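Below you'll find the structure, written out as structure tokens, and then a few comments.
What follows draws every value from the coordinates through simple rules; no lab data is involved. All values derive from a computational prediction rather than experimental measurement. All Cβ positions, even for glycine, are placed from backbone atoms using ideal geometry, and neighbour counts span all protein chains on display.
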Amino acid sequence: MQFTKEYFIQEFKKRLNEGYAVDIKQASNFELYQTLASIVRSGYNNAWHQNIKNNAREGNKQAYYFSIEFLPGRLLQSNLLNMGWYDTVISGLKDLDIDFYEVTEIEKDMALGNGGLGRLAAAFMDALASSGLPGNGNGIRYKYGLFKQKIVDGYQVELPNEWLNQGNSWEVRRDSKAVDIHINATEVSLLEKDGHLVPVYHGGKVIRAVPYDVGVVGFQNGCVNNLRLWDAEIPESEEVNYRTLDERRKIEDLTSILYPDDSTSEGRRLRLLQEYFFVSAGIQSILKHHKKAGHNLNKLADYVAIHINDTHPVLCIPELMRLLLDEEHYGWDEAWEITTQVMSYTNHTLMAEAMEKWPIHYIQELQPRIYQIICEIERRYVESLEKRGQAELIPSTRIIADNQIRMVSLAIIGSHSVNGVAKLHTELMKSQVLNDFYRLFPERFNNKTNGITERRWLQIANRELSKVLDKTIGKTWRYAADDLEMLLKYQDDEKVLKEINHAKYQNKVRLAEHVKKSNGLKISPDAIFDVQIKRLHEYKRQLLNLLRIIKLYQDLKENPNLDIQPRVFIFGAKAAPGYHEAKVIIKCINEVGNLINNDQTIQDKLKVVFIEDYSVSLAELIIPAADVSEQISTATKEASGTSNMKLMLNGALTVATLDGANIEIKDQVGDDNIFIFGLTKDEVTAHNQTQDYCAWDYYNNIPVIKRVLDALIDGSIPNIQVEGRHVFDLLTRFNDQFFVLADFEGYLAIQEQVDQAYRKPLAWAKMSLINIAKGGHFSADKTVQRYAKEIWHIKPVVEKDEAKYDSYQV
Ligand SMILES: *Cc1c(COP(=O)(O)O)cnc(C)c1O
């Protein structure tokens, strides 16, 4: 049956009454939300079920995206949009006198990720389903999402994020798909049995992995894929082996914490256990499914592609080997052939501190058989290089060195494809950090620039702009983001430009209302909304932004009549709890904000807003309201970035260094529609090689730099006696390893251009329009289609032109 408003209203009332014994007037927003979610679920469950059956029946090759993080945010609006039910539901709720947006606020963000990496995984899930591609996610169902950030006296305080307290409407527990995992054996011995060598584990424990499946609804094509998140439990038969509460708690802890650090590799045992846990569960479940469908394991690569998102899931490689060798009795060479055909790997960072390495004994204690297999992979790898006469490349590329397992080496050696996430990143990977691997396996290396889901970031988050687009270029852009380019024809159309500015203005009013509530601060939508939202990290250089704010403040104090465009600086950023420098920077931002926001003489020309607890949902509120997008990382440090793409798509103009995907954004919009500054990758590389950079010289020789840095330590900014000194030292005594001072003047100059450009609303709107029009280039749909074609070799099972728009039925 077709989904109509009449049907919806009737069904909504009925379910509300059945579920909660209330009518609409008495119902809480929570009850309204649950009721709505249940209708949505009923709408796609059949398609979900059919999709799983079809893939099995037709033997479609499927991709499995293994990621230790998924950061989808909320799913209600996204599911409604993708099902084609959005407008019907809003209008139906309106008839019932229910505010749809208030109801959506009830849903807790599914925040099973830190930032860019997890968000990319979630975007790929959406894009796979929306492209009709058979692609599944495999991850961990963390009990606590990324910590909740509070700002108290300017400091970050971390609180637990108990997102599952009221249940998760979108998951289905599947007991029948649970699998067991053996860990912590003290020893394995190989015994001969029926003509095979089989491993016998001594000691250790068995944990049960129970999957919770989340349906991933494709955009109006009837394709519903599966995101499988694993929880750990104690199997009943094993209860007696867990004798103390402490031992039991260890199992609970296994899926409790999402490690809140996205840029250093912490090396905690529990983290390694998490990695092995979700990898083993996922691979076992894939093999079970494959065999149940009656396929031969020799043909695994015809049916299955496994993707390793960053190195966290890299134990996929020895785990698949283990299962093929020990359970399926393959010989090594055959098992290795199958494994490397199935596996592919994405590298997300080239920063040394983020490269995963594990002490040998951690892996040995976790699963001695896995350790044996890694040693054998290593032995054969080293031998093969010796035979090829490339022994000189052994030290830099081998897996085991200094009593540590290098996860990047294992990933590259065990995969048929290795990709970077932006052109520059892939180039650096090939030419610098992983150059020795590139010399050995050039055919494995390729680029897949990251992407974003235009549905969430434009259709859902920016309804005002979406309406303007519909009116101007029709609705096809909603199906194919490249069609946004049709907007280019209107770049000199004053009416359209004004409408774009008006949409932006309305979004700014909405954000200003939020800021009034959350920060108690009044900001004017007429000011430039200058936005930097991302994890707090020194390489992302929130500090560069902050120094500029201090500089502007000093200028205004000297000359209150200085002619500058009013600006609101908006930050959203969480710092890893153990990352001291990042937390110090948050404190400084907040104290500079306090000083400026409370200074009457500034007359609202500057405001500094730190929005606490940055999340996907807050991003959806902030991004449509942004005029300026700050993408100012030290060149070579940001692999790709994706907030840069979200912001351009929403018409913000980018202030950027030539780093990550900023370069590709510049190539799309042209030099006139982006503000570029700063050291290039060649300059940064040269400084690093010659070690000739001297931050003190900048401080001593450039008065504007000295004046700004002195403000950090001379008491002119209250409440940062300790933190101001710390930042000062980072930038001077510790020689500013992210080249903040080297880029400072260039940054000031480019921001002066931004100030001038904003004074011409139509010219600004034209640049904005060009950014929106080119934003479709970075659609995650296109990115996953390239993965599908060039890496995974999977094909759409639902073709666009036979898309069944009414396939989500009731
Ligand atoms: C897109 C996104 C990110 C990534 O931002 P970058 O600026 O690319 O690091 C991080 N967190 C959230 C919530 C996002 O939506």
> How far is the Cα center of the stretch 35-100 from the Cα center of the stretch 219-292, in Å?
Replying inline: 24 Å
> Does the stretch 454-778 come out rounded, prolate or oblate by the C-alpha gyration tensor, with a ≥ b ≥ c the root eigenvalues, rounded set by a/c under 1.5 and, if not, prolate when a/b is larger than b/c and oblate if not?
Replying inline: prolate
> Given Cα pairs under 8 Å that are at least 6 residues apart, what percent is the relative contact order of the stretch 454-778?
Replying inline: 24 percent
> Dipole magnitude of the chain about its Cα centre, charges +1 at Lys/Arg Cβ and -1 at Asp/Glu Cβ only, in debye to the nearest 20?
Replying inline: 1140 debye
>> Starting from 0.36 nm per residue, how many nanometres of slack lie between Asp253 and Glu427 once their C-alpha separation is accounted for?
In response: 58.7 nm
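Loop only by DSSP, 12 or fewer other Cβ within 10 Å of the Cβ. Give me the trypsin sites (Lys or Arg not before Pro) in the stretch 345-393 that pass, ordered by residue number.
On the way: sites: Lys357, Arg369, Arg379, Arg380, Lys387, Arg388; in loops: Arg388.
Filter output for the stretch 345-393: Arg388.
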> Between Trp477, Ala391, Met407, whose Cα lies farthest towards the positive end of the dipole of the stretch 383-520 when Lys and Arg beta carbons carry +1 and Asp and Glu beta carbons carry -1, centred on the Cα centre?
Replying inline: Trp477
>> If the only charges are +1 at each Lys and Arg Cβ and -1 at each Asp and Glu Cβ, what is the size of the charge dipole of the stretch 530-612 around the Cα centre, to the nearest 20 debye?
In response: 360 debye
>> Please compute the contact order of the stretch 150-268 in relative form: average sequence separation of alpha-carbon pairs under 8 Å and at least six residues apart, divided by the residue count, as a percent.
In response: 18 percent
>> As I understand it, the dipole of the chain uses +1 on the Cβ of Lys and Arg and -1 on the Cβ of Asp and Glu, about the Cα centre. Which of Thr783, Gln274, Leu254 lies farthest toward its positive end?
In response: Thr783
> Listed highest first by mean packing, meaning other Cβ atoms within 10 Å per residue, what order do 655-664, 612-621 come in?
Replying inline: 655-664, 612-621
> Using +1 on the beta carbon of Lys and Arg, -1 on that of Asp and Glu, and nothing else charged, what's the dipole of the stretch 454-778 about the Cα centre, debye to 20?
Replying inline: 1180 debye
> When Lys and Arg each count +1 and Asp and Glu each count -1, what net charge do the other residues less than 12 Å away from Thr35, Cβ to Cβ, add up to?
Replying inline: 0
>> Can you order the peptides 256-262, 199-205 by their average number of other Cβ atoms within 10 Å per residue, highest first?
In response: 256-262, 199-205
>> Highest mean first, how do 7-19, 402-414 rank when packing is the count of other Cβ atoms within 10 Å averaged over residues?
In response: 402-414, 7-19
> Considering only the chain, what is the antiparallel percent among its DSSP beta bridges, to the nearest 5?
Replying inline: 45 percent
> If you take the charge dipole of the chain about its Cα centre, with +1 on Lys and Arg Cβ and -1 on Asp and Glu Cβ, which of Gly204, Asn29, Ser91 is farthest toward its positive end?
Replying inline: Ser91
>> Give me the net charge for the shell around Leu93: Cβ to Cβ below 12 angstrom, other residues only, Lys and Arg +1, Asp and Glu -1.
In response: -2
>> Net charge around Ala749, counting only other residues with Cβ within less than 13 Å of its Cβ (Lys, Arg = +1; Asp, Glu = -1)?
In response: -2
>> Could you tell me the relative contact order of the chain? Use alpha-carbon pairs under 8 Å, at least six residues apart, and round to a whole percent.
In response: 15 percent
> aspartates and glutamates within cross-link reach of Lys288: Cα-Cα under 18 Å, excluding same-chain residues under 8 positions apart?
Replying inline: Glu58, Asp175, Asp180, Asp213, Asp302, Glu319, Asp326, Glu327, Glu328
> Are there chymotrypsin sites (Phe, Trp or Tyr not before Pro) in the stretch 707-756 that DSSP puts in a loop and that have at most 14 other Cβ atoms within 10 Å, and which ones?
Replying inline: Phe734
> Roughly how many whole Å is it from the C-alpha centroid of the stretch 524-598 to that of the stretch 406-443?
Replying inline: 37 Å
>> Through the Karplus equation 6.51 cos²θ - 1.76 cosθ + 1.60, θ set to phi - 60°, convert the phi angles of the stretch 258-272 into ³J(HN,Hα) values in whole Hz; use x for Gly and Pro.
In response: 8, 5, x, 9, 10, 9, 10, 9, 7, x, 8, 4, 4, 5, 5
